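Accompanying notes for the structure given below.
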Amino acid sequence: MLLAIESSCDETAVAIIRRTENGVELLTSLISSQIEIHREFGGVVPEVACRSHAQIIRPLVQQALDDAGVTLADITAFAATRGPGLASSLLVGLAYAKGLAAASGKPFYGVNHMEGHLLSPFLAAGQIPPHLGVIVSGGHTMLIDVQGYGDYRLIGRTIDDAAGEAFDKVGRMLELPYPGGPEIEKHARTGDPKSFAFPRAVLKDAPYNFSFSGLKTAVLYQLQKLPDPQAHLADLCASFQAAVIDPIVKKSIRAAQEKGHTTLTLSGGVACNQALQQSLTTAAHAVGFQVQLTPPALTTDNAGMIAFAGLLASENRPPDDLNIGIDPNFPLAKA
Ligand code: KG4
Ligand code: ZN
């Protein structure tokens, strides 16, 4: 039974997982979000985030134990996110989990946050089949060729803004509350995605890489031209959203074809976006592929995904030394 802590950004999260005969059982997965605290600043303030993690971590661990109906003595291993993420935020969760491991003499596993996202679509299955992983989050946009647990190759990534970052920045331009992603999706539902012709970046030398900063600038120029941008909010949101989704879908399908994968996954916070889910699923079905979506509770940052990656780590490699530190730029895979 493994207890995992996630604190890489503005969510403090604790989960408890165990291996069962036919998969895994997530006994509990609690998230304490700081979104309301950061909303007044329009984004995450690192100093505020780490102080808040430090305050909530102990009661949240206790609540997770109570929820799962177990005590600390029942936990046989601990895991925490080592990176990537905000250094000061990562330190709180990692130090707390290492402290529990040190005090109890149980093993500790440092987990890559992006591996948590990558594997989250398969938590219910309990194992990782070969697939093309599509990770779209606030900090990353990546296509990963996955042969199995621990065997990852980076096929494509963003060369500037991540997909979620583009949503959040454009959300701010449109004067929508933080985070922009869910707000833009909401307004896009009643808009026409063809009303504004926003650009889709073509990267000739790296066809699987992404670029969203030109799109962001195009939205800004468009806003400056409109006398009353708020009157076009739904159309702007729908057109912007389509310009983010199109390249993700096209490149994901092409990468899967090139790597011989018939299964694709969609994970990370932006994978909540139903228009993206539908687009990718439709495009995949058209070529006879399937998409494994992430359950909503495991999509934005959570400790369930860290617990699952930690459990697989405990089954596949030795524990980490307790001298291990955070790694704010922890790479997931090499090209
Ligand atoms: O994975 P995540 O929770 O945190 C990171 O590891 O970055 O992703 C957060 C990102 C934010 O940029 C947020 O705006 C975006 O996911 N997001 C969405 C939606 N829900 C969350 N983007 C588009 N549509 C959504 N429905
Ligand atoms: Zn994340």
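The values are calculated or read from the model by the stated rules, or taken from the named source; none is laboratory data. This is a predicted model, so every value here is computed, not measured. A quick note on method: Cβ atoms are made from the backbone with ideal geometry, for glycine too, and the neighbour counts reach across all protein chains shown. The protein model used for the area step is the full one, side chains on, heavy atoms only, and it has no ligands, DNA or RNA in it. Shrake-Rupley method; radii C 1.70, N 1.55, O 1.52, S 1.80 Å.
List the number of the failed condition for residue 75; all other conditions in (1) open to solvent by less than 10 Å² (accessible area, probe 1.4 Å); (2) within 16 Å of ligand 1 (Cβ to nearest atom) hold. The one condition residue 75 does not meet is (2). Of all residues in region 299-326, those being in a loop (DSSP other than H, G, I, E, B) and more than 12 Å from ligand 2 (Cβ to nearest atom) number 10. Here the condition is being open to solvent by 10 Å² or more (accessible area, probe 1.4 Å), in the same structural domain as residue 305 (by TED's automatic domain parsing) and within 16 Å of ligand 1 (Cβ to nearest atom); of 24, 70, 45, it holds for 45 alone. The set of residues in region 166-198 that are open to solvent by less than 20 Å² (accessible area, probe 1.4 Å), more than 16 Å from ligand 2 (Cβ to nearest atom) and within 23 Å of the chain's Cα centre (by Cα) comprises 170, 171, 184, 188. Restricting the first member to region 295-323 and to residues that are within 17 Å of residue 97 (Cβ to Cβ), and the second to residues that are crowded, with 19+ Cβ neighbours inside 10 Å and modelled with pLDDT under 95, the beta-carbon pairs closer than 7 Å and six or more apart or on different chains are 301/9; 301/11. As for region 325-334, it holds no residue that is closer than 24 Å to residue 23 by Cα and in contact with a strand residue (DSSP E or B) (Cβ under 9 Å, 6 or more places away or on another chain). In region 243-257 there is at least one residue that is basic (Lys, Arg) and either modelled with pLDDT under 95 or crowded, with 19+ Cβ neighbours inside 10 Å (or both).
Taking region 80-155 and the strands (runs of 3 or more DSSP E) fully enclosed by it, no element has 3 or more residues that are open to solvent by less than 10 Å² (accessible area, probe 1.4 Å), of a type in the set (A, V, I, L, M, F, W, C) and away from ligand 2 (no atom under 16 Å from the Cβ). When you check residue 264 against the structure, is it within 25 Å of residue 123 (Cα to Cα), modelled with pLDDT of 95 or more and of a type in the set (A, V, I, L, M), yes or no? Here the answer is yes, as residue 264 does meet what is asked. Exactly one residue out of 33, 7 is within 16 Å of ligand 2 (Cβ to nearest atom), assigned by TED's automatic domain parsing to the domain that holds residue 117 and modelled with pLDDT under 95, and it is 33. The lone criterion from (1) within 16 Å of ligand 1 (Cβ to nearest atom); (2) outside any loop (DSSP other than H, G, I, E, B); (3) surrounded by 15 or more Cβ atoms within 10 Å (Cβ to Cβ) left unmet by residue 160 is number (2).
Within region 254-263, is there a residue that is at positive phi and in a loop (DSSP other than H, G, I, E, B)? The answer is yes, given that some residue of region 254-263 is at positive phi and in a loop (DSSP other than H, G, I, E, B).
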